[in-house]
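The values are calculated or read from the model by the stated rules, or taken from the named source; none is laboratory data. Given the structure is predicted, the values throughout are model-derived calculations rather than measurements. Every residue, glycine as well, gets a Cβ built from its backbone with ideal geometry; the counts of neighbours run over all protein chains shown.
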Amino acid sequence: MRRHPNLYCDTSAHHPTYFGVPGSGWEMFLQFGNTLLQDKIMVGFSKDSFGLTIPQSVALYEKLPLKEKVIEKWLYGNAKEFLRC
């Protein structure tokens with residue numbers, strides 16, 4: 001993702017709870033998503049995805065072991081930059 005400026009990752013198909021579970025395989029995603037790739041990850045929501053409301057999903061992302069500025073980028077800032085809003 002670092003090599004290609006228009007390539008981004010989105011997390012909409014994955015339940016946010018599993019990103020923070022040790023041994024889940026998502027440790028490297030969180031490590032690089034918190035550092036080198038923090039500007040390349042976007043979170044997508046749909047109403048009632050995984051049986052959660054959007055505020056419940058946001059709360060789960062806010063509980064992940066990510067820097068506060070990174071959470072803001074994942075939830076809002078990166079999409080705003082990508083869409084040039």
Kindly indicate whether Leu75 is of a type in the set (A, V, I, L, M) and either modelled with pLDDT under 95 or assigned to a loop (DSSP other than H, G, I, E, B) (or both). no
Could you check how many residues of the stretch 68-85 are hydrophobic (A, V, I, L, M, F, W, C) and loosely packed, with under 13 Cβ neighbours inside 10 Å? 2
Residue by residue through the stretch 1-35, note down the ones that are aliphatic (A, V, I, L, M), more than 21 Å from Leu83 (Cα to Cα) and in a loop (DSSP other than H, G, I, E, B). Val21
Does the stretch 36-60 hold any residues that are part of a loop (DSSP other than H, G, I, E, B), closer than 14 Å to Ile71 by Cα and either of a type in the set (Gly, Ala, Ser) or touching a strand residue (DSSP E or B) at 6+ places or on another chain (Cβ under 9 Å) (or both), and which are they? Leu37, Lys40, Val43, Gly44
Contact list please: Cβ distance under 7 Å, first residue in the stretch 24-45 and within 15 Å of Arg2 (Cα to Cα), second residue assigned to a strand (DSSP E or B), pairs at least six apart or on different chains. Gly33/Ile41; Lys40/Cys9; Ile41/Cys9; Met42/Asp10
